[in-house]
Amino acid sequence: ELFIGSDLYGLLRDEGPLELARCGKIVIQVLAALEEAHAMGLVHRDIKPENVLVDRKTDGTDIAKICDFGIAKVARDEGPKLSQAGNMIGTPLYMSPEAAMGRECDARSDLYSVGIMLFEMVTGSRPFDAPSPLEVARMQVEEIPQLPSVRAPERNIPPSLDRVIVKALSKRAEDRWQSAREFRDALDGALGASGGQAHAVP
């Protein structure tokens, strides 16, 4: 497929943090794509802005697609888990704690990476950053992220969105959103991505 447009990395570089409702609409499309991939037993393992293509329709709405499944893993024979013990696979800036430790990863690792990406989209900065990839990996494992609303108070990020992102960035996979659909529904409720209004999340 010929896709005319930029990746999300280029979009954030050129425009900075995006309007909140626009962030929601893009990430909801990413989560919908991951829902399909995960249903087939496929885990991407390298979700980051460079691997999300974004184009705009003639009416101005965004089209987002995931690309580069080069290090994806099929988990059909292993159940919900992916056996990669001892290997750190992916990009440390967007890597889940279990991936950073070389432990088994499943679909919830992708959801953590989406949470990092969403944090960056709404605040203009990543929750964890350092000159050394190993230091970033350590931060993913050990450090608690700031609330997005604290990192970027000028953005007027609602508490409902704070809660969605913080849950996505839980250190333990069992404390995160357990599926792309669950994450997507929570984000849609928090941001009102369809109507542009923010709503409370239980």
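The values are calculated or read from the model by the stated rules, or taken from the named source; none is laboratory data. Since the model is a prediction, treat every value here as computed from it, not as a measurement. FYI the Cβ positions are ideal-geometry reconstructions off the backbone, even for glycines, and counts take in every protein chain you see. Protein only, heavy atoms only, side chains kept; ligands, DNA and RNA dropped before computing areas. Shrake-Rupley method; radii C 1.70, N 1.55, O 1.52, S 1.80 Å.
If you go through the range 65-78 one residue at a time, do you hit one that is farther than 19 Å from Arg126 by Cβ, more than 12 Å from the chain's Cα centre (by Cα) and modelled with pLDDT of 90 or more? Yes: one or more hits.
The condition of being at pLDDT 95 or above and out of contact with any helix residue (DSSP H, G or I) (no Cβ under 8 Å at 6 or more places or on another chain) holds for Pro153. The residues of the range 98-141 that are acidic (Asp, Glu), in a helix (DSSP H, G or I) and open to solvent by 30 Å² or more (accessible area, probe 1.4 Å) amount to a single one, Glu135. Would you mind stating whether Ala39 is surrounded by fewer than 16 Cβ atoms within 10 Å (Cβ to Cβ) and within 16 Å of the chain's Cα centre (by Cα)? In short, no. For beta carbons closer than 7 Å, sequence separation of 6+ or different chains, a first residue in the range 97-113 that is within 12 Å of Arg176 (Cα to Cα) and a second that is of a type in the set (S, T, N, Q) and open to solvent by 20 Å² or more (accessible area, probe 1.4 Å), the qualifying pairs are Arg108/Gln178. Restricting the range 174-202 to residues that are among the aliphatic types (A, V, I, L, M) and modelled with pLDDT of 95 or more leaves a set whose member that is surrounded by the fewest Cβ atoms within 10 Å (Cβ to Cβ) is Ala186.
The set of residues in the range 163-172 being in a helix (DSSP H, G or I) and surrounded by fewer than 20 Cβ atoms within 10 Å (Cβ to Cβ) consists of Arg163, Val166, Lys167. Close contacts from the range 147-162, counting a first residue that is under 15 Å from Gly115 (Cα atoms) and open to solvent by less than 80 Å² (accessible area, probe 1.4 Å) and a second that is part of a helix (DSSP H, G or I) and charged (D, E, K, R), with Cβ to Cβ under 8 Å and a gap of 6+ residues or different chains, come to Leu147/Asp162; Pro148/Arg155; Pro148/Asp162; Ser149/Arg155; Ser149/Asp162.
Test of understanding: among Arg13, Arg22, which residue is part of a helix (DSSP H, G or I), open to solvent by less than 50 Å² (accessible area, probe 1.4 Å), charged (D, E, K, R) and at pLDDT 90 or above? Of Arg13, Arg22, the one residue that is part of a helix (DSSP H, G or I), open to solvent by less than 50 Å² (accessible area, probe 1.4 Å), charged (D, E, K, R) and at pLDDT 90 or above is Arg22.
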